[in-house]
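Novice: This is the structure I have questions about; it appears just below.
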Amino acid sequence: MTPDQTTTLALFCKVVDNYGDIGICWRLARQLQHEHGVKVTLWVDDLPSFRRICPALALDLDVQQLLGVTVRHWPDQEGLFSVADVADIIIEFFACDIPPGYIAAMAQCTPRPVWLNLEGLSAEQWVEGCHRLPSPHPRLSLTKHFFFPGFTDKTGGLLREASLEQQRLQFQSDPGAIAAFVASLGVTEAEMASLKVSLFCYPDAPVAALFDAWQGGATNITCLVPEGVAGEAVAAFFGVAATVGAVQTRGALTVRVVPFVAQQDYDKLLWACDVNFVRGEDSFVRAQWAGQPFIWHIYPQDENLHHVKLRAFLQRHAAGIDSAVALSLLWNGAIAADVAAPANWRAAWSQFAADLPTVTALSVNWQRQMLENGDLASNLLKFSCSLRR
């Protein structure tokens, strides 16, 4: 990987969390190509989920070019590969198993390619000790290294494009741009004047309890829900199927179903809203770069291991703001609560809403701290280059 040589990179993605996995990989692939000139091939098993965030994707092609990235459908582990097929850098996302034939070809390369396992994001302390650790292959002359995104300078940092902050500030400082964008989603002037909340969560989120707290509150709230999100709870609120354009007002709450937008427009949705409920990893990270208050719905794991990850993040991010911690834990079922008791939810939301100015200041300060850690794509390339020397 010298200045006169184009670096090639293969990124393997198996979609587990419908949009989080491919969302992260698609952002990373685009950034590596656009900002660093890397020739990226993105291998992905689930094209329909990919298409939800990238409408230009064709479902019937095994290989296609999108915004400078080669996208290959990856339906199985079969296939024979030669040395010429192997990229300079190979990334397994979330420890997915890449084809054995590809690994065998890697072992024939001179020099050996850089092989990374790009792990999931966590604020737990142990991540710092495992970041960049080597893992020799048990049979072949290959070494894989673990690469962890994270929230400190002892990790790989967070995924962020170089122009993202400038784009956000320009958008949020232009009331006309904000009004035009939300109007394109069907939001009325009256809804624009209310507290705007975006809702992106997993199906098990206690949406009905939150809606009840909102509709009985003193502040008018407009909740924007992408189509297909929290389907059962939203349909129950409407009394009919929740399709794009559907809108229902009860008490202080208006719920509006908006299109499931592409990634660039999802950023604008986060920037335009006063509070964002996000999920998984991709929208979770984008909410942090939005500089607005947010509540995270973490991907559920067996034995409630996700609650450990949630508390670790809250300890870093929201320490000292009890209302933010309490609402986050309640939203994730991490504290005992009777969701049939509206008073618990109304009190939790009311206290969080009263602290919104403090939470907003916290979000801005947190963003400033994260910027100091550099961005994930640049940090990953620097580490890869150090291994190839």
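The values are calculated or read from the model by the stated rules, or taken from the named source; none is laboratory data. No experiment lies behind these values; they were computed from the predicted model shown. Please note: Cβ atoms are built from the backbone with ideal geometry, for glycine as well, and neighbour counts cover all protein chains shown. We work out accessible area using only protein heavy atoms, side chains counted, and drop any ligands, DNA or RNA first. Shrake-Rupley method; radii C 1.70, N 1.55, O 1.52, S 1.80 Å.
Novice: Based on what the data block shows, is Val339 at pLDDT below 95 and within 22 Å of the chain's Cα centre (by Cα)?
Specialist: No, not satisfied.
Novice: Could you please tell me which pairs satisfy a Cβ distance under 6 Å, a separation of 6+ or placement on different chains, a first residue in region 140-155 that is over 17 Å from Asp282 (Cα atoms), and a second residue that is surrounded by fewer than 16 Cβ atoms within 10 Å (Cβ to Cβ) and among the polar types (S, T, N, Q)?
Specialist: Once the first residue is over 17 Å from Asp282 (Cα atoms) and sits in region 140-155, its partners that are surrounded by fewer than 16 Cβ atoms within 10 Å (Cβ to Cβ) and among the polar types (S, T, N, Q) give Lys144/Ser135.
Novice: Now, a different point. Considering only region 178-188, I want to know if a residue exists there that is assigned to a loop (DSSP other than H, G, I, E, B), open to solvent by 10 Å² or more (accessible area, probe 1.4 Å) and either among the aliphatic types (A, V, I, L, M) or at pLDDT below 95 (or both).
Specialist: Within region 178-188, one or more residues are assigned to a loop (DSSP other than H, G, I, E, B), open to solvent by 10 Å² or more (accessible area, probe 1.4 Å) and either among the aliphatic types (A, V, I, L, M) or at pLDDT below 95 (or both).
Novice: Has region 41-64 got at least one residue that is polar (S, T, N, Q) and in contact with a Pro (Cβ under 7 Å, 6 or more places away or on another chain)?
Specialist: no
Novice: For His306, work out the one condition from (1) farther than 30 Å from Pro111 by Cα; (2) in contact with a strand residue (DSSP E or B) (Cβ under 8 Å, 6 or more places away or on another chain) it doesn't fulfil.
Specialist: Among (1) farther than 30 Å from Pro111 by Cα; (2) in contact with a strand residue (DSSP E or B) (Cβ under 8 Å, 6 or more places away or on another chain), His306 violates only (2).
Novice: All but one of (1) closer than 23 Å to Pro138 by Cβ; (2) surrounded by fewer than 20 Cβ atoms within 10 Å (Cβ to Cβ) hold for Ala56; which doesn't?
Specialist: (1)
Novice: When the residues of region 60-80 are narrowed to those that are in a loop (DSSP other than H, G, I, E, B) and open to solvent by 80 Å² or more (accessible area, probe 1.4 Å), which ends up nearest to Arg388 (Cα to Cα)?
Specialist: Leu80
Novice: Has region 344-352 got at least one residue that is part of a helix (DSSP H, G or I), in contact with a Gly (Cβ under 7 Å, 6 or more places away or on another chain) and among the basic types (Lys, Arg)?
Specialist: Yes - at least one qualifying residue is present in region 344-352.
Novice: Of all residues in region 81-128 being in a loop (DSSP other than H, G, I, E, B) and touching a strand residue (DSSP E or B) at 6+ places or on another chain (Cβ under 7 Å), which is modelled with the lowest pLDDT?
Specialist: Per the criteria, the residue is Ala95.
Novice: Select from region 193-204 the residues that are modelled with pLDDT under 95 and either open to solvent by less than 30 Å² (accessible area, probe 1.4 Å) or more than 25 Å from the chain's Cα centre (by Cα) (or both) and list them in ascending order.
Specialist: Tyr202, the sole residue that qualifies.
Novice: Further question: Being touching a residue at least 12 places away in the same chain (Cβ under 8 Å), within 27 Å of Leu269 (Cα to Cα) and among the charged types (D, E, K, R) narrows it down to one residue among Arg160, Arg132, Arg112; which is it?
Specialist: Residue meeting the stated conditions: Arg160.
Novice: Within region 107-134, take every residue that is loosely packed, with under 13 Cβ neighbours inside 10 Å and over 30 Å from Leu314 (Cα atoms) and give me the one that is nearest to the chain's Cα centre (by Cα).
Specialist: Ranking the candidates gives Pro111 first.
Novice: Starting from residues that are aliphatic (A, V, I, L, M) and exposed (fewer than 14 other Cβ atoms within 10 Å of the Cβ), keep the ones in region 145-177 and report whichever is farthest from Leu28 (Cα to Cα).
Specialist: The extreme case among them is Leu169.
Novice: Now for a separate question. Looking at region 215-295, what strands (runs of 3 or more DSSP E) fall wholly within it and have at least 3 residues that are open to solvent by less than 40 Å² (accessible area, probe 1.4 Å) and either more than 20 Å from Ala183 (Cβ to Cβ) or among the hydroxyl-bearing types (Ser, Thr, Tyr) (or both)?
Specialist: Counting at least 3 such residues, we get 275-279.
Novice: Given (1) surrounded by fewer than 21 Cβ atoms within 10 Å (Cβ to Cβ); (2) in contact with a His (Cβ under 7 Å, 6 or more places away or on another chain), identify the lone condition not met by Val364.
Specialist: Checking Val364 against (1) surrounded by fewer than 21 Cβ atoms within 10 Å (Cβ to Cβ); (2) in contact with a His (Cβ under 7 Å, 6 or more places away or on another chain), the one that fails is (2).
Novice: Suppose the filter is hydroxyl-bearing (Ser, Thr, Tyr) and surrounded by 15 or more Cβ atoms within 10 Å (Cβ to Cβ); does Thr41 pass it?
Specialist: yes
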